[in-house]
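Heads up, the thing below is written out as structure tokens.
Readers should treat all values here as calculations from the given coordinates under stated rules, not as data from a laboratory. Just so we're clear, the structure is a prediction, and the values are computed from it rather than from any experiment. Every residue, glycine as well, gets a Cβ built from its backbone with ideal geometry; the counts of neighbours run over all protein chains shown.
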């Protein structure tokens, strides 16, 4: 009888521990995959970036193609890598306990390269390809997205880039449920747009996010990143709008400032994000 009680008690503790682990971060329950765009750590290898991402309390990554892999693996995070190298990269991700949810910003130059890109994304378990394709490429990338069941998330670099305004994104999103927005809220601010209004306009089509807070306080009048909640990106209102829309998907921290040592600012931003998420319940 004592053994049964002890065994039952152990099982309950184990179940509680697993449950706590599964819900370690508050945003997990909403289906928000808060991670980092590895471009944040572009001065380092992908292997080093994974360590930094982990140290910031994050378990997801969006890779970008130009980063040196490192960790004893030759080459860059190019979607043209062969299957053997992809296997090595997947082992590297597993070693650090980090899941690759998105890839970008990237595009193929032609149909053959897009096929390579989708095949790579499928093998790596990617949910979103963040991209700014040429308009004439939609004729063949939409069927590919539907074939591979991978989202084409249109990224908004600042004005005058092709997808800087939600109107253009919506024009192409009408073509397939696999076409939507990779909503970069900081770039919307740089383009003179209200990020909350943009999210409302794109409701139902927001597939992922590049999350940043920016402020214009440089001598040349340009914006730069700041710790979330201290800039002009209306972070608190953005989080509330994401909740209202019942958003699900990758959210990539993209901190493009203090490149040599921005880990502490990323960690502080992540903490602010989670505290704000909890307060708004």
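Some notes on this structure:
- From its DSSP helices (H runs of at least four residues, each -39,500 (n - 2.57)), the chain gives a residue-normalised ellipticity at 222 nm of -13000 deg cm²/dmol.
- Full-stretch length increase - residue 224, residue 149 - with 0.36 nm per residue and alpha-carbon distance subtracted: 23.5 nm
- Multiplying the residue separation of residue 123 and residue 94 by 0.36 nm and removing their Cα-Cα distance gives an extension gain of 9.0 nm.
- GNM flexibility winner over the chain from 81, 242, 100 (Cα, springs under 10 Å): 81
- Candidates 187, 96, 205, ranked by Gaussian network fluctuation over the chain, Cα under 10 Å, top entry: 96
- Candidates 133, 65, 143: whichever shows maximal mean-square fluctuation once the chain is modelled as a Gaussian network with Cα springs under 10 Å: 143
- Extension gain (nm, one decimal) between residue 257 and residue 74, 0.36 nm per residue minus Cα-Cα: 63.1 nm
- Residues residue 142 and residue 240, FRET efficiency given R0 of 30 Å [Cβ-Cβ distance, rounded to 0.05]: 0.40
- Just so you know, the Cα atoms of region 24-279 work out to an Rg and Dmax of 17.2, 49 Å.
- Computing FRET efficiency as 1/(1 + (r/R0)^6) for residue 177 and residue 51, where r is the C-beta to C-beta distance and R0 is 25 Å, gives about 0.10.
- Nearest-0.05 FRET efficiency for residue 42 and residue 87, computed from C-beta distance (R0 25 Å): 0.55
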